[in-house]
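Some notes on the structure that comes next.
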Amino acid sequence: MKILLVSFNAKYIHSSLALRLIEGYCSDYKEYLEVLELTINHEMHEIIKQLYNKQPDVLGLSCYIWNMDLIEELLPILTKVLPNTKIVLGGPEVSYNSEALFERLPIDLVIENEGEETWYEYLKHLIDGDIVLEEIKGIVYRNEKGEVVRNQARALMDLANLPFVYDDLSGLEHKIIYYEASRGCPFNCQYCLSSIEKGVRFMPLERVLNELQYFLDKRVKQIKFVDRTFNTRKAFARSIWQYVIEHDNGYTNFHFEIAAELLDDACLEVLKDARPGLIQFEIGVQSTNMDVLTVIDRKMPFEDIKEIALKIKALGNIHQHLDLIAGLPYEDYVSFRHSFNDVISLRPEQFQLGFLKLLKGSGLRKNAEKYGIVYSPKAPYEVLYTNELSFKELLILHGIEEMVERYYNSERFKHTLEYLYTLFNSPFDFYEALAHYWEANDYDKIPHKKAAYYTLLVPFAKDIEGVNLDLLKELIRFDWYLHEMVKEVPEELMTLDQAPYREQANAIIRDDEYMIEHLGVSAKWTSRQRLRRMHMEWFSYNVYKNNAKLEEPSPVLFDYTEQKTHFRPIKL
């Protein structure tokens, strides 16, 4: 018998922890099991071809909001070309109202909620035949009479019984590795499925530390913890942070989703010693409107989050990713604008604008009519409009989200953006105007090269009251050179003819004594290498400090000899 477990990941760089855990937990039956990871970007014909060639007796599909549409399109075709294959669905997208799935999909069985123990018993039923379907907890299935039967729910498992699934890292060299140290969440957020499960379960700390050491030894690029609130148990989180800091290999990065209000001074004291780039935090702010936070059962005042976020920022070594959700009850356009400006005022490294998804089983989905939330009937069940926020306004927010992603989250326009913000009443108003400009010119309908994101800011800004276009162009050039060693920038960004300065620039870069002793450039670089890996540009404004007009043009040296670009103002 051949059992094939399949995931359709959102991107190639993603990997399926869930299927690896099932495969590892069911190791007694490993000779019968195979895991196949595809993406939602595969062509349907290619997907069917791969599954058909495997000729499985049982096909298990991992179902999430991002792949359910594909699975529903796939199943009617698949059952025609593999008519004798049993179809089993599992995952959060099919763990609620499962009986209804049998009315519209050609499936044999659904595994609800945690799948490790249930899959083990199901394989025992299929292969050994010493357990009947009626005895397997946590499944919904169609019996021999054609009736849909729901068995008793399965109790949550002890996480100590989970296998370690990364003994073999082959095939994961260019993918994110997901890891979990706990399941459950202490909060009751009504937009989230974690609110359904009560309590939080933890892996044994010593085991977690041993497994993290394995990743450090293997020099894995990034470990992304999937724990819903990693710092639920402060001492547990603190011990893990302390360990990765003390055993840092100088390469691996760890990503944690945390609750800001649970981050105390003891944790901050530990975190202050982390290498920059070792740890990054994702913090769900969701809204800064207390009426909104109250109705979604996430009553955390923004001022408290702000205090913690600024303390983290003051450490100077932790990458922060802050989230907002558009479409929550009681949040209108004006309120969301206020939430946006509150969060961006903290200048997080990443600022994520998400849109409410009415997940199956969530409190907001159950109360959608009460709150006037209208959402798409198809996964991912995204909000279309609410009592407070129209469809037109949500379309505008989608445009703003795209601009934030392209400009703010790229981290390539820091100095330019700070100046542009000053020309508007708030950062939100800037992104709103920029999104409107892109849509009015149909720029949102075509792909762009990297250079276009720089050059298009000039025609966008030219009619803004009070704009200094020469300063803007210099800021754009400065940001561009900070992130990329370009031979020359487009003519429309030039404010000074750089040609008269080239001979002087080359002479300075060739000067060993000046570069090494005065500027601190490493002596390992020869003058010829420096000429290839450095660039000097003259500016009329103090673009790196206060944007003041200079008495005469002054050069800035951009040094690309290290992994991160450095700039040095040159005093002639």
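The values are calculated or read from the model by the stated rules, or taken from the named source; none is laboratory data. Quick caveat, the model's predicted, so the values are computed rather than measured. Cβ: placed from backbone, ideal geometry, glycine included. Neighbour counts: every protein chain shown. The area values use the complete protein model at the heavy-atom level, side chains included, leaving out ligands, DNA and RNA. Shrake-Rupley method; radii C 1.70, N 1.55, O 1.52, S 1.80 Å.
Computed quantities for the displayed model
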quantity: Wholly within the range 97-190, strands (runs of 3 or more DSSP E) carrying at least 2 residues that are farther than 30 Å from residue 299 by Cα; calculated: 109-111, 139-142, 148-150
quantity: Answer residue from the range 150-185, given it is within 19 Å of residue 95 (Cβ to Cβ), open to solvent by 40 Å² or more (accessible area, probe 1.4 Å) and hydrophobic (A, V, I, L, M, F, W, C) and is nearest to the chain's Cα centre (by Cα) among those; calculated: 156
quantity: Candidates 469, 457, 389 - the one that is surrounded by 17 or more Cβ atoms within 10 Å (Cβ to Cβ) and over 25 Å from residue 349 (Cα atoms); calculated: 389
quantity: Residue 22 vs. criteria more than 14 Å from residue 58 (Cα to Cα), part of a helix (DSSP H, G or I) and not charged (D, E, K, R); calculated: yes
quantity: Any hit, the range 60-69, residues being surrounded by fewer than 18 Cβ atoms within 10 Å (Cβ to Cβ) and in a helix (DSSP H, G or I); calculated: yes
quantity: Lone unmet requirement of (1) at pLDDT 95 or above; (2) out of contact with any helix residue (DSSP H, G or I) (no Cβ under 9 Å at 6 or more places or on another chain); (3) not in a helix (DSSP H, G or I) for residue 464; calculated: (2)
quantity: Some residue of the range 92-99 being buried (at least 16 other Cβ atoms within 10 Å of the Cβ), out of contact with any Asp or Glu (no Cβ under 9 Å at 6 or more places or on another chain), under 13 Å from residue 3 (Cβ atoms) and not charged (D, E, K, R); calculated: no
quantity: The range 401-416, residues that are closer than 22 Å to residue 333 by Cβ and open to solvent by less than 10 Å² (accessible area, probe 1.4 Å); calculated: 403, 404, 407
quantity: Number of positions in the range 245-263 that are touching a helix residue (DSSP H, G or I) at 6+ places or on another chain (Cβ under 6 Å) and open to solvent by less than 20 Å² (accessible area, probe 1.4 Å); calculated: 4
quantity: Candidate set from the range 291-306 (those that are assigned to a helix (DSSP H, G or I) and out of contact with any Phe, Trp or Tyr (no Cβ under 8 Å at 6 or more places or on another chain)); member that is farthest from residue 346 (Cα to Cα); calculated: 294
quantity: Residue in the range 72-81 that is in contact (Cβ under 8 Å) with a residue 24 or more places away in the chain and under 27 Å from residue 168 (Cα atoms) present; calculated: no
quantity: Residue ID - nearest to residue 177 (Cα to Cα), chosen from residues in the range 10-36 that are hydroxyl-bearing (Ser, Thr, Tyr) and touching a strand residue (DSSP E or B) at 6+ places or on another chain (Cβ under 6 Å); calculated: 16
quantity: Scan of the range 497-527 for residues that are over 17 Å from residue 561 (Cα atoms), out of contact with any strand residue (DSSP E or B) (no Cβ under 7 Å at 6 or more places or on another chain) and surrounded by 13 or more Cβ atoms within 10 Å (Cβ to Cβ), ordered by number; calculated: 504
quantity: Pick from the range 435-454, criterion among the hydrophobic types (A, V, I, L, M, F, W, C) and without any contact (Cβ under 8 Å) to a residue 12 or more places away in the chain, ranking: most open to solvent (accessible area, probe 1.4 Å); calculated: 446
quantity: Residue among 266, 314, 274, 309 that alone is part of a helix (DSSP H, G or I), open to solvent by less than 20 Å² (accessible area, probe 1.4 Å) and modelled with pLDDT of 95 or more; calculated: 309
quantity: Residue 383 being in contact (Cβ under 8 Å) with a residue 12 or more places away in the chain, open to solvent by 20 Å² or more (accessible area, probe 1.4 Å), touching a helix residue (DSSP H, G or I) at 6+ places or on another chain (Cβ under 8 Å) and of a type in the set (A, V, I, L, M, F, W, C); calculated: no
quantity: One residue from 120, 141 being hydroxyl-bearing (Ser, Thr, Tyr), surrounded by 15 or more Cβ atoms within 10 Å (Cβ to Cβ) and touching a residue at least 60 places away in the same chain (Cβ under 8 Å); calculated: 120
